[in-house]
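Visitor: Dumping the structure here so I can ask a few things about it.
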Amino acid sequence: MYFLYMYNISMVEIKGVTKTYGKKDNLFKALDNVSATIKDSTTVAITGKSGSGKSTLMHVISGLDHATSGEVIINNKPLHSMNKKEVDKFRSDQIGFIFQAFFIEGNQTCLNNVMLPLEIAGTSPKRRVKLAKEALKSVDLEDKINQKAKNLSGGQKQRLAIARAIVNKPKLIFADEPTGNLDSVTGNLVTKLLFDLNKSLKATLIIVTHDKDLASKCSQQIILKDGKIISNKLKKRAKVKK
């Protein structure tokens with residue numbers, strides 16, 4: 001069973017974020033004065049057509065990239081106020097990443113794949129094994145512990161990538177097109193797994209996706225076009241009858 005991590009991320013605040021690439025005539029504005037608030041433990045879909053700025057926004061929120069201007073504030077602390085070492089520790093301790101391309105080590109066992117972030121974080125060998133086994137069990141891969149990752153099916157590889165992303169019990173999970181390489185049946189299973197983890201870990205789940213059905217399952221939908229937010233919808237909670 002997972003226990004809450006010692007840190008508690010209350011919310012993500014994005015304030016007037018602009019991200020540009022290039023200079024002068026070659027200047028490209030990937031994000032244009034983007035502002036939004038993401039509450040703790042919620043599920044968020046960032047959607048829009050290719051080139052709309054979805055992945056750039058995810059990278060800026062997570063600290064993988066830096067905004068040209070504006071602020072990203074997480075738990076009342078601006079990311080830009082952290083030095084590189086602090087940002088790296090923040091990502092290691094509090095964030096899990098799931099990518100469409102899996103990025104797993106095919107010649108390594110499932111156990112070794114999941115232990116990798118813990119090894120980088122300096123976790124003791126005994127605890128690495130314990131946490132990795134727990135993570136694999138949570139994605140129904142406990143019977144694949146000693147199998148090499150290259151021998152897994154596509155859906156199993158994505159579940160392995162999810163296990164690696166959650167092994168540090170993150171409070172923020174970023175999933176970039178997590179079902180993009182999967183068939184519809186396997187994609188639905190992975191989607192259910194992500195939403196189950198959102199509840200069990202009480203983690204904020206931020207999904208970048210083209211999939212309208214997946215986006216509709218989230219409690220908040222942020223739609224981008226040409227680097228700008230054109231819609232930011234929150235699902236209304238059903239009223240409890242007295």
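Visitor: With the condition kept exactly as written, say whether any residue in the stretch 216-237 is within 15 Å of the chain's Cα centre (by Cα), within 25 Å of Gly48 (Cα to Cα) and not in a strand (DSSP E or B).
Guide: There is at least one residue in the stretch 216-237 that is within 15 Å of the chain's Cα centre (by Cα), within 25 Å of Gly48 (Cα to Cα) and not in a strand (DSSP E or B).
Visitor: Being surrounded by fewer than 21 Cβ atoms within 10 Å (Cβ to Cβ), assigned to a helix (DSSP H, G or I) and aliphatic (A, V, I, L, M) is the filter; apply it to the stretch 112-122 and report the residue that is modelled with the highest pLDDT. If you could, list the steps in order and put the result at the bottom.
Guide: Step one: filter the stretch 112-122 for residues surrounded by fewer than 21 Cβ atoms within 10 Å (Cβ to Cβ), giving 112, 116, 119-122.
Narrowing the set further to residues that are assigned to a helix (DSSP H, G or I) leaves 112, 116, 119-120.
Right, trim to aliphatic (A, V, I, L, M) and you get 116, 120.
Details: Leu116: 90, Ile120: 82.
My answer is Leu116.
Visitor: From the residues in the stretch 158-213 that are of a type in the set (A, V, I, L, M) and more than 15 Å from the chain's Cα centre (by Cα), which one is surrounded by the fewest Cβ atoms within 10 Å (Cβ to Cβ)?
Guide: The qualifying residue surrounded by the fewest Cβ atoms within 10 Å (Cβ to Cβ) is Val185.
Visitor: Please state which of the following conditions Ile145 fails to meet, knowing it meets all the rest: (1) touching a Leu at 6+ places or on another chain (Cβ under 6 Å); (2) crowded, with 21+ Cβ neighbours inside 10 Å.
Guide: Failed condition: (2).
Visitor: Filter the stretch 123-146 for residues that are part of a helix (DSSP H, G or I) and free of Cβ contacts under 8 Å to residues at least 24 places away in the same chain and give the result.
Guide: Residues satisfying the conditions are Pro125, Lys126, Arg127, Arg128, Val129, Lys130, Lys133, Lys137, Glu142, Asp143.
The values are calculated or read from the model by the stated rules, or taken from the named source; none is laboratory data. The structure displayed is predicted, hence computed values, not measured ones. Don't worry about glycine lacking a Cβ; one is built from the backbone with ideal geometry, like all the others, and counts go over all protein chains shown.
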